[in-house]
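Colleague: Quick one: the structure is below, questions incoming.
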Amino acid sequence: MLAAIYERTGAAEEVLRVVTLPDPTPEAGEVRVRVRVSGINPTDWKARAPGSRLEVDGGDGLVWPYQIPGQDGAGVIDGVGRDVDAGRVGERVWVHLAAAGRPQGTAAGYVCVPAERALPLPDDVSFAEGAALGIPYVTAHRCLHADRDPAGASVLVTGGAGAVGNAAVQLARLAGARVIATVSSPGKAELAAAAGADVVTNYREATFPAELRAAAPDGIQHVVDVAPTTNFPTYLPVLDQQALVTSYATEPRGVATLPHMAAMERNLLVRFVLLYTLPAAVLDEAARAVNAALWAGELRALPARLLPLEHIAEAHDAVQAGPLGRILVEIP
């Protein structure tokens, strides 16, 4: 099979290359997926970049001498391992966390994953749409549902046009929340509004603090935050008593400073979310909920740019630059 690999961490153009590798064989409890589209997330370039955990300690059980990137993807099951229903062969699926603790991700002709990490994809949903689900939607679901039911709450989603943020806007609306989304441009505002945000406000405008307060006169009960180091001081004055703040991303060398007394006065609950260290049962529950919404036709895909596998380095750099929409890789 053709696969993108890197044998050391470094800049995308310097370390990523496409090679021919033997087709993998599914082990017990696994399915093998003929990948059609691979999704790229920030975690992919961060793992490959200089100074990543892979460089420091080999990551969470990853086996060198090479790594195939790509946590998310979509394709067709063409083989199963022991203890997996053979009837799944031929099933269209979307895949998530394919490379979590494993050296082989979705940027390849085939990938083997635990059977529960390959979920059925409706016939009217494209492989590109399926490859864009994975990490963003599972992360968003966890951020929204780990601690309480968001129904009836005012939920603030920072970065409402980003992959996770846009997913959080959609899933929060589906759960019955009133959603406020922050963005940084008119184009991003359109994406957040299309996802179902009740209020969209540009945090770069001088009127932002007043707009945020006006959008939540009774206070914000739940925040899904992409950049807490930067954002926390901006929304703290608008948080309700016992508000919940969930953070799923870090900024480069960012250290969030918590105004201790102001947080205590509001009895805040702060949660951090990282999929790679969550129990499998928690991940499976979130993925099944996302899949139910997908089959109900309730999810809206972000615009996507598809690049061929041989342009994998360009794709990684595009994600690192912060695109408007998703960057995906087509697998020949």
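The values are calculated or read from the model by the stated rules, or taken from the named source; none is laboratory data. Note that the structure is predicted; figures quoted are calculated from it, not measured. Neighbour counts run over all protein chains shown; Cβ positions are idealised from the backbone, glycine included.
Results for (1) at pLDDT 95 or above; (2) out of contact with any Leu (no Cβ under 8 Å at 6 or more places or on another chain), shown as yes or no for each residue.
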residue: Arg32; (1), (2): yes, yes
residue: Thr43; (1), (2): no, yes
residue: Ala47; (1), (2): no, no
residue: Gly51; (1), (2): no, yes
residue: Tyr66; (1), (2): no, yes
residue: Asp72; (1), (2): yes, no
residue: Asp78; (1), (2): yes, yes
residue: Gly105; (1), (2): yes, yes
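Colleague: Val238 - would you say it is among the β-branched types (Val, Ile, Thr) and crowded, with 16+ Cβ neighbours inside 10 Å?
Modeller: When the stated conditions are applied, Val238 passes them.
Colleague: Got at least one residue in region 255-263 being of a type in the set (Val, Ile, Thr), more than 19 Å from Leu97 (Cα to Cα) and not in a helix (DSSP H, G or I)?
Modeller: Yes; the residues of region 255-263 include at least one that is of a type in the set (Val, Ile, Thr), more than 19 Å from Leu97 (Cα to Cα) and not in a helix (DSSP H, G or I).
Colleague: Quick check on this structure: which one of Leu212, Leu244 is part of a helix (DSSP H, G or I) and surrounded by 13 or more Cβ atoms within 10 Å (Cβ to Cβ)?
Modeller: Matching residue, one of Leu212, Leu244: Leu212.
Colleague: Identify all residues within region 183-209 that are over 15 Å from Val224 (Cβ atoms) and in a helix (DSSP H, G or I); write none if there are none.
Modeller: Pro186, Gly187, Lys188, Ala189, Glu190, Leu191, Ala193, Ala194, Phe208, Pro209
Yes/no matrix, rows are residues, columns are (1) aliphatic (A, V, I, L, M); (2) free of Cβ contacts under 8 Å to residues at least 60 places away in the same chain; (3) surrounded by 19 or more Cβ atoms within 10 Å (Cβ to Cβ); (4) not in a loop (DSSP other than H, G, I, E, B):
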| site | (1), (2), (3), (4) |
| --- | --- |
| Gly130 | no, no, yes, yes |
| Pro136 | no, no, yes, yes |
| Thr139 | no, no, yes, yes |
| Gly152 | no, yes, no, no |
| Ala161 | yes, no, yes, no |
| Gly165 | no, no, yes, yes |
| Gly176 | no, yes, no, no |
| Ala181 | yes, yes, yes, yes |
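Colleague: Which of (1) in contact (Cβ under 8 Å) with a residue 60 or more places away in the chain; (2) in the same structural domain as Gln170 (by TED's automatic domain parsing); (3) over 22 Å from Gly159 (Cα atoms) is the odd one out, the single condition Glu265 does not satisfy?
Modeller: The single condition Glu265 does not satisfy is (1).
Colleague: So which pairs qualify, if the first residue must be in region 70-85 and under 21 Å from Leu309 (Cα atoms), the second must be of a type in the set (D, E, K, R) and not in a strand (DSSP E or B), the Cβ gap must be under 8 Å, and the two must be at least 6 apart or on different chains?
Modeller: If the second residue must be of a type in the set (D, E, K, R) and not in a strand (DSSP E or B), the pairs left are Gly70/Asp44; Gln71/Asp44; Ala74/Glu129; Val76/Glu91; Ile77/Arg88; Ile77/Glu91.
Colleague: List the number of the failed condition for Ala100; all other conditions in (1) among the hydrophobic types (A, V, I, L, M, F, W, C); (2) at pLDDT below 95; (3) not in a loop (DSSP other than H, G, I, E, B) hold.
Modeller: Looking at each condition in turn, Ala100 falls short on (3).
Colleague: Here is a further query. Return the total of residues in region 248-294 being surrounded by 13 or more Cβ atoms within 10 Å (Cβ to Cβ), at pLDDT below 95 and of a type in the set (Gly, Ala, Ser).
Modeller: Qualifying residue count for the region: 4.
Colleague: Consider Leu119 carefully, then state whether it is outside the structural domain of Ala249 (by TED's automatic domain parsing) and over 26 Å from Val19 (Cα atoms). Don't jump to the end; show me each part of the working.
Modeller: Values: outside the structural domain of Ala249 (by TED's automatic domain parsing): yes; over 26 Å from Val19 (Cα atoms): yes.
Here the answer is yes, as Leu119 does meet what is asked.
Colleague: Could you tell me whether Arg8 is at pLDDT below 95 and either of a type in the set (Lys, Arg) or in a strand (DSSP E or B) (or both)? It would help to see each step written out before you state the result.
Modeller: Working: at pLDDT below 95: yes; either of a type in the set (Lys, Arg) or in a strand (DSSP E or B) (or both): yes.
Yes: the conditions hold for Arg8.
Colleague: Follow-up question, since we're still on this one. Do you know which of the residues in region 272-288 that are more than 15 Å from the chain's Cα centre (by Cα) and of a type in the set (Gly, Ala, Ser) is farthest from Ala98 (Cα to Cα)?
Modeller: Ala281
Colleague: If a residue has to be out of contact with any strand residue (DSSP E or B) (no Cβ under 9 Å at 6 or more places or on another chain) and more than 21 Å from Val84 (Cβ to Cβ) to count, how many in region 99-130 make the cut?
Modeller: The total comes to 1.
Colleague: Related question: Looking for something surrounded by 19 or more Cβ atoms within 10 Å (Cβ to Cβ), outside any strand (DSSP E or B) and at negative phi - is there at least one such residue anywhere in region 322-331?
Modeller: yes
Colleague: Turning to a different aspect of this structure: Which is without any contact (Cβ under 8 Å) to a residue 40 or more places away in the chain and basic (Lys, Arg), of Arg326, Arg288, Arg300, Arg305?
Modeller: Arg305
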